[in-house]
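Data first, discussion second: the structure below is written as structure tokens.
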Amino acid sequence: MSWEPIRWQDVKGLPEGARVQNNKKAKVTSAFFPYYFWDPKTKGPKQERDYIGSVKDGAFVPNAFYLTCSPVASARNPERWKDPQQREKALAEQKEMEELRKQQEEKEAQDEKKRQTAEFWRKLELRAESEDVARQIGASAFMTKLVYESGLVADVARVLDYDFERTMFVINHGMHLALTSNATYLAKAESNSVKFIGIGCCSSQRASEHFNSMGQSLQLSQRMSKYRMERLVSAGDQVSVDGTFLDCNSTQISAGKVGKRKNGTYGQQINFALLVNSSTGLPVGYRWYSGDTHDVTTLDDLIEMWVDNGFQNKKAELVWDRGYFDKERMQRFDREGFRYISGAKVGLKAIKEIIDTYNSEFYSANSLLEHHYCYGKKIPIYGTKDNGEPEAVGYVYFSPNKYMAETRSLRNELEEARQKWRDGKLNKNAAILDFFETPEEGKDLVLNERRFEDECYLRGFFSCISNTDQSLDELLDKYRLRNEVEVNFRLMLGDLHRTTRVQSSQSLDGMLLVTFVALSLLAKLRTMLKTKLPAHENIRAVNCDIMDFNEEYTLSDYYTISEVLTELKSVVAIRSHRTQQTRLINQTSKQKGLLKELGYEGLFDNADELWKLMSAEHLANYIATVKAQDELDAQTAQTTASAAEA
């Protein structure tokens, strides 16, 4: 290609401030940064250059110097000056800039240190209360008690390295998410009327900044899960695992992948895994993955997290549905010391062998389970371990009612297919045609009786695989407790979270932490509502006139979670700017009775103490205490370990 000189204005991609030099003899165009200065000897301007690349086909091509050192036209590296006076001047300017940078960093560090003190936030709160204020406080005060007593404040503070401002943000926005009746991004007016910790919830723009800064390491879910499992899982508890897909509308979130939704449509989504203590109903951890990650492959990450945190020492029992079953992964769980119960497909070879071999026993009175409307059989599978114990046990159940319901459902599907065939609306490649003889145009479909019988053979069966040997009744009871994770998903997806509504992976990590805090609060309240109460106490709590005095009731018989919070929301705190005193209005005897049954009798008795509980100063002091105790515990552990080594 022939060479032509080119103007610097016409070069594509030329860095700002750069110029070009056309060498007609060599037929080369070079790009450079010019640096001008006044030469006192010649009493005229002078120039030095740094060559940064060349121009080919009208576009800038950087050289190794430009790629390695990233020079700019506005400031030259002092070491590249040939003129001694300019080098000395540049070094002095560089030193001055370094000093200014250090001073700025020190000032920011001091400001950040102040922001972590109770005194700073006490003064900020006083400035915010420049006039009398009235705020709804009933429901948020109740949630504040929950968030402290459940250990959420301490655990969030640890996750965020005891950063007070971020901890307050997560706790406030978690409570806001749990309390608001509108979608969070539409609830500004509602949130302004409610008392939260400190000066309340920040603006949407500031919230986005917090989300992004908190999630920089993308480790929030792992750290939060570690602390919650340590706190909420005890020996013998069951921990259920399940996953769902969340819509993800941003192309900037790397985990967002196009996949099939449950409603049959396609869209960008992420895979969200939730861990719930089925014994208590409380969420104990969460993780999020790429939208094209299958449930079973998430176990690879989860087991690494559990092993790293010594979760196997808890001696808890892990439970998941058949979508997570994989023989090799189950064997690894067993080697690592975990106990598990996994749902399994009845078509699995080991399970089908049990059904084939012991088929008649699933109709025998001796196999009827005492506490369930089904028959059961358990058989060791996959051989034995070195200690002589079975590697796993297959638990197979048969329900006649389930068999009849599933068979009827299949018959209905086949009849619908027949009708669609008559109407010419059935796809000739439809999978359901496998149940019929070879179809012929213009003739009705003829059922393949053998194929139909084979399909119905496994209907009505349900199976599990576990590395523990227990009774059929006991294992089925445990597996059914897995429903607790489904309940938590309904709380999360119905009341808290329908789409990501953030624009980066870092912001997503921060937003999911806030969502998990809100879910933890609602789940805790749900467990409190399940506590059985004497009938005579319950009358005062719910003002119910129709009640059997011989029965025990729970608050959930009369209240939903939403109704409890709505009942408490009417309590309003009025704070006097002049006297710095607080009084509460709109209290009722029904609310007091409700609080008593929830375990918070007298919560509204002292308005000033309630206001103090929800102050930023109280939160800052609490976090400082948690940090000091953690440092003391770490020092004690280190001393003990050193003594053991010695």
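The values are calculated or read from the model by the stated rules, or taken from the named source; none is laboratory data. Only a predicted model underlies this, so the values are computations on that prediction, with no experimental measurement involved. A quick note on method: Cβ atoms are made from the backbone with ideal geometry, for glycine too, and the neighbour counts reach across all protein chains shown. Keep in mind that these areas ignore ligands, DNA and RNA; they rest on the heavy atoms of the full protein, side chains included. Shrake-Rupley method; radii C 1.70, N 1.55, O 1.52, S 1.80 Å.
As a quick test, which of the pairs LYS226/LYS352; LYS315/LYS596; LYS327/LYS402; LYS315/LYS378; LYS12/LYS95; LYS385/LYS524 have an alpha carbon distance above 29 angstrom in this structure?
On the way: LYS226/LYS352 38 Å; LYS315/LYS596 35 Å; LYS327/LYS402 27 Å; LYS315/LYS378 23 Å; LYS12/LYS95 35 Å; LYS385/LYS524 41 Å.
The answer is LYS226/LYS352; LYS315/LYS596; LYS12/LYS95; LYS385/LYS524.
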Carbon/sulfur fraction of accessible area - the chain, other protein chains in place, 1.4 Å, %: 48
Calculate how steeply helix 118-128 sits against the longest principal axis of the alpha-carbon atoms of the chain, using the helix alpha-carbon long axis, and give the answer as 0 to 90 degrees to the nearest 10. 90
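Which length gain, in nm to one decimal place, applies between GLN587 and ASN192 when the Cα-Cα distance is subtracted from 0.36 nm times their residue separation?
Details: separation 395, 0.36 × 395 = 142.20 nm, distance 2.08 nm.
In short, 140.1 nm is gained.
Hey, what's the chain come to in accessible area per residue, 1.4 Å probe, Å²? Before the final figure, lay out each step's value.
Numbers: 34790 Å² over 646 residues.
Per residue, the chain has an accessible area of 54 Å².
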Leaving ligands, DNA and RNA out of it, work out the accessible area of ASP161 with a 1.4 Å probe and give it in Å² to the nearest 10. 100
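With the contact rule set at Cα under 8 Å and sequence spacing of 6 or more, what percent relative contact order holds for the chain? Numbers along the way, then the final one.
Values: 969 pairs, mean separation 107.3, N = 646.
Rounded, it is 17 percent for the chain.
Quick check for me: using +1 on Lys/Arg Cβ and -1 on Asp/Glu Cβ, what's the dipole size of the chain about its Cα centre, in debye to the nearest 20? The partial results should precede the final answer.
Details: 88 positive and 94 negative charges, 547 e Å.
Charge dipole of the chain: 2620 debye, to the nearest 20.
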Rough spin-label spacing in nm, given labels placed 7 Å along Cα→Cβ, for ALA134 and GLU486: 4.6
Heavy-atom accessible area of ILE199 with all protein chains present, probe 1.4 Å, nearest 10 Å²? 90
Please compute the Kirkwood hydrodynamic radius over the chain, one decimal place, Å, based on all pairs of different Cα atoms. 30.9
Which value, in Å² rounded to 10, gives the accessible area of THR438 with a 1.4 Å probe and all protein chains present? 120
For segment 432-492 and segment 1-33, compute the distance between their C-alpha centroids and round to whole Å. 72
If you take the charge dipole of the chain about its Cα centre, with +1 on Lys and Arg Cβ and -1 on Asp and Glu Cβ, which of ALA73, ILE561, PHE462 is farthest toward its positive end? ALA73
Run down the aspartates and glutamates and flag those whose C-alpha is under 17 Å from the C-alpha of LYS56, throwing out any fewer than 8 positions away in its chain. GLU4, ASP10
Can you find, among TYR375, ASN359, ASN412, the residue farthest towards the positive end of the dipole of segment 349-421? Put +1 on the C-beta of Lys and Arg, -1 on that of Asp and Glu. ASN412
Which Cα, out of LEU613, PRO45, ILE199, lies furthest along the positive dipole direction of the chain (beta carbon charges, K/R +1, D/E -1)? PRO45
Segment 256-317: radius of gyration over Cα atoms, expressed as a fraction of 2.2 N^0.38 Å: 1.35
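As a test of reading the structure, rank VAL296, VAL485 by solvent-accessible area (1.4 Å probe, protein chains only), most first. Don't jump to the answer; show the numbers that get you there.
Working: VAL296 30, VAL485 0 Å².
Ranking VAL296, VAL485 by accessible area, largest first, yields VAL296, VAL485.
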